[in-house]
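Here's the structure we're looking at; comments come further down.
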Amino acid sequence: MEEKRSEPRTDKIDTHHHFVPDFYARGDPSGWLTPKWLPAASESIMEQLGVKTTILSLTALGACILEGQKSFDLARRCNEYCSELRDKSPRRWGFFAALPSLLNTKAALAEIAYALDVLHADGVTLFTRYGTGNTYLVVFVHPTYPVDTTKVNESMPQPLIDYPHETTRTATDIAGTRRKYPGCKVILSHAGGALPYLIERISNGSKHGQ
């Protein structure tokens, strides 16, 4: 007698789902290959996996691929693109807003205000290498490369190994932030990197360092 396969749950929320609109792919000067992306392709995956809602975000380097005003313009265009997609199907899509470089504090804060107050984004995306004073905010932390894009070895791109470690290091760097800003919810990508496996060592080390 064949066992019945249970249908996948359809109430899942995917908080780590990158989108690559064509105008973003054209803006990458690094030479890295950018995958083709269409909303329909993501919707197909969502159906297969029983995902009810997907929260879209840009991967590294985000709008920081460009500099100055161009970075601000790219972030704004990406956020308005996601907002339009969400408005057409609000139960299916949400988004974490893209930001220009945080080194331009005024521009970054302006885009945070616009994305949250006008576009009603679900939160913002910060990368591991570069805060915000907003107390009530969802922050999705995604790793980026530390210095350059040198491969781990001839056949292994750096992100496969180093990105999870970047997330782990950032999690330890921001230890205590939740106590200082209890309304700030932080989502660490890639299941927290190596944090679940190192948490006891980190905890013990913190106690000895106090």
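For Cα extents along the principal axes in Å, the listed values are [x] 87, 52, 33; [y] 64, 35, 19; [z] 59, 54, 44; which was obtained by calculation from the structure presented? Calculated Cα extents along the principal axes in Å: the matching label is [z].
Using a simple spin-label model with pseudo-atoms 7 Å out from Cα toward Cβ, residue 199 and residue 87 lie 4.1 nm apart. Here the chain carries DSSP beta bridges of which approximately 5% are antiparallel, counting only pairs with both residues inside.
Here the mean projected area of the convex hull built on the C-alpha positions of the stretch 107-206 is 7.9 nm². Listed by chain and number, the aspartates and glutamates placed with their C-alpha closer than 18 angstrom to that of residue 151 are 162, 166; residues fewer than eight positions away on the same chain are left out.
Which of the GluC sites (Glu not before Pro) across the stretch 139-210 are loop residues per DSSP, with 11 or fewer other Cβ within 10 Å? The qualifying sites are 154.
Straight-line cross-link reach from residue 52 at under 16 Å between alpha-carbon atoms covers these aspartates and glutamates, not counting any fewer than eight positions away in the same chain: 7, 11, 14, 43, 87, 122. The label-point distance for residue 40 and residue 161, in a model that sets each label 7 Å from Cα toward Cβ, rounds to 4.0 nm.
With a cap of 16 neighbouring Cβ atoms within 10 Å, and only residues DSSP puts in a loop, list the GluC sites (Glu not before Pro) found in the stretch 54-101.
Taking the stretch 54-101 and a limit of 16 other Cβ atoms within 10 Å, the loop GluC sites (Glu not before Pro) found are 67.
Full extension of the chain between residue 103 and residue 14 gives 29.1 nm of extra length, using 0.36 nm per residue less the Cα-Cα distance.
Quick note: the coordinates plus some simple rules give every number you see, no bench work behind them. Being a predicted model, the structure only gives us computed values, none of them experimental. For neighbour counting, all protein chains shown are included, and Cβ atoms are generated from backbone atoms with ideal geometry for every residue, glycine included.
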